[in-house]
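The values are calculated or read from the model by the stated rules, or taken from the named source; none is laboratory data. From a predicted model like this one, the values you see are computed outputs, not experimental measurements. In this analysis, Cβ positions are derived from the backbone assuming ideal geometry, glycine residues included, and neighbour counts consider all displayed protein chains. With ligands, DNA and RNA removed, areas are computed over all heavy atoms of the protein, side chains included. Shrake-Rupley method; radii C 1.70, N 1.55, O 1.52, S 1.80 Å.
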Amino acid sequence: MLQLPPAHAAMSPIRMDIERAWMTVSVLQMLKLPAAVLTANGRAVASNPAFDACAPQICLGSCRRIQFAALSAQARYDDARASARADLLSQGDRSFAVPGDGTSLPMVAHLRPLPDIERNLSPSAALLLFFTSVVPQRAPDERLLVALFDLTAAEARVASRLVEGQSVTAIARAFGVATSTVRSQLKSIFGKTGTRRQAEIVSLLATPHCV
């Protein structure tokens, strides 16, 4: 169950980091994406129910550190975390495969610094780890995108089409607007979702088809 710290506690920088962590994993829970927010040292400060449901494929071990059942995924995660910790300002997305185990489907793990990390030199919540499915994907409801990321209706339509695999040119043609208009909307989507590339938008927003 998602639980927030008591409302009466002092809003110290550390507490603000923790509350931001819970808000982040809660948003990704609405997108049905397993997610955890980590310190720079790799300790989980927040995780959502979708993440908890991934056990034993992925779970929290000693000192709330991420543990993968597959040794290959654990090695890739350790390398990705070391790289991310060394360059928290890059905002780059470090992705790696997490194999299935016969009862769990394979996934792709994404590790990235939280947006605006440069504003806090010693963050308690530094890294976002979330997982996407490798089964066929679909875009979330556009109204959900508007509510979660404060996108305009037009931006939500563009984001939805990107998840479905359409190019900027194809989206512009479908909506009867100039490609420069779509690119401007895409730039705004990057800013609001904390992403920098179209592939990162797709990874963040895509949800698996129900089977």
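Check whether at least one residue in region 21-41 is assigned to a helix (DSSP H, G or I), open to solvent by less than 30 Å² (accessible area, probe 1.4 Å) and in contact (Cβ under 8 Å) with a residue 60 or more places away in the chain, and report yes or no.
So far as region 21-41 goes, yes, one or more of its residues are assigned to a helix (DSSP H, G or I), open to solvent by less than 30 Å² (accessible area, probe 1.4 Å) and in contact (Cβ under 8 Å) with a residue 60 or more places away in the chain.
Can you find a residue that is touching a Pro at 6+ places or on another chain (Cβ under 7 Å) and at pLDDT 90 or above anywhere in region 73-87?
yes
For region 158-211, what are the residues that are touching a Leu at 6+ places or on another chain (Cβ under 9 Å) and open to solvent by 60 Å² or more (accessible area, probe 1.4 Å)?
K192, Q198
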